[in-house]
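Enquirer: Let me give you the structure first, and then I'll get to my questions.
Readers should treat all values here as calculations from the given coordinates under stated rules, not as data from a laboratory. All values reported here derive from a predicted model rather than from experimental measurement. Heads up, the Cβs are rebuilt from the backbone with ideal geometry, glycines too, and the neighbour counts pull from every protein chain shown.
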Amino acid sequence: MASDGRRRSDSIAHPLEKELNASARDILDAIQSGFRARVDVKGKLAELHLYRSLRELETRGLISELQWSDKDGDPDFFLKWRNRRLSIQCKNVRSGDTYRTGARSGQFKVELQKTRGGLDPNTGEKTRYYRPDEFDIVAVCLFNQTGSWEFLYAAARELARHRKHRGRLEVFHPVPRHAAAPWQRDIRRVLDALSD
């Protein structure tokens, strides 16, 4: 349907409008009315913008075998850099949430844990916490704080470990407003470091 309620012709309707038998306006209204839906859409939009950025690197021949994954338990992206297979997890900084005191004051926060969790049957550790070997790079989108689909990147091996579960990553990590170790504006700097 068009924005005035009339159905648009199938030739210009988005495939999702056809699949849901709803207009783009109705789909957007439904998303707007649900906090969780908006959070999910922002996550997918961050992935889309990251994909476009990575696709540009692939087009220029700097990376190869780019794959965008939507499988539970997998990182969001896989790629090849200098004959090494690497993975990327995409996250958004938290909305309106910054560190308020100390050396981290004013820095953004990113939450690195899975949506769902359980217990590892072998170790008894909580599986909601990421292991540092579950992905190579975290790409953090700054949109929730800056209104811009821009990213900072860090190698997972450089991130703080959980205080109680040493084999897992800490849940909250400070993200600077501008690139500062271990965060880089250019993903190629992180890729280079991982290749060494």
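Enquirer: If each residue's Cβ is checked for other Cβ atoms within 10 Å, how do Ser53, Ser33 rank with the fewest at the top?
Expert: On the way: Ser53 14, Ser33 9.
Sorted ascending by nearby Cβ count, the order is Ser33, Ser53.
Enquirer: Still on this model: Give the distance, in whole Å, between the Cα centre of the range 42-96 and the Cα centre of the range 134-188.
Expert: 14 Å
Enquirer: Among the DSSP beta bridges whose two residues both lie in the range 19-195, what percent are antiparallel, rounded to the nearest 5?
Expert: Values: 23 of 28 bridges.
Of those bridges, close to 80 percent are antiparallel.
Enquirer: With volume of the Cα convex hull per residue in Å³ in mind, check [x] 127; [y] 227; [z] 162 and report the label derived from this structure.
Expert: [z]
Enquirer: Using 1/(1 + (r/R0)^6) with R0 = 30 angstrom and r between the beta carbons of Glu170 and Glu58, what's the FRET efficiency to the nearest 0.05? Kindly include the intermediate steps, with their values, before the conclusion.
Expert: Values: r = 32 Å, r/R0 = 1.05.
Calculated value: 0.45.
Enquirer: Between Tyr99 and Asp74, 0.36 nm times their residue separation minus their Cα-Cα distance comes to what? Can you show the working numbers first?
Expert: Numbers: separation 25, 0.36 × 25 = 9.00 nm, distance 2.95 nm.
Length gained, Tyr99 through Asp74: 6.0 nm.
Enquirer: Order of His14, His162 from fewest to most other C-beta atoms within 10 Å? Present the calculation step by step, with values, prior to reporting the outcome.
Expert: Values: His14 12, His162 19.
In increasing order of surrounding Cβ atoms, one gets His14, His162.
Enquirer: Then there's this: In the range 19-195, if the dipole is taken from +1 on Lys/Arg beta carbons and -1 on Asp/Glu beta carbons about the Cα centre, which of Ser33, Ala160, Gly73 is farthest to the positive end?
Expert: Ala160
Enquirer: Taking the Cα centre of the range 19-195 as the origin, how large is its charge dipole in debye, to the nearest 20, when only Lys and Arg (+1) and Asp and Glu (-1) carry charge on their Cβ atoms?
Expert: Details: 33 positive and 24 negative charges, 143 e Å.
It comes to approximately 680 debye.
Enquirer: For Phe35, Phe135, Phe143, which order do you get if you count the other beta carbons within 10 Å of each Cβ and list the fewest first? Mind dumping the intermediate values first?
Expert: Numbers: Phe35 8, Phe135 23, Phe143 17.
Going from least to most buried by this count: Phe35, Phe143, Phe135.
Enquirer: Follow-up. For the range 65-179, compute the orientation-averaged projected area of the C-alpha convex hull (one quarter of its surface), in nm².
Expert: Details: hull surface 34.0 nm².
Averaging across all directions leaves 8.5 nm² for the Cα convex hull.
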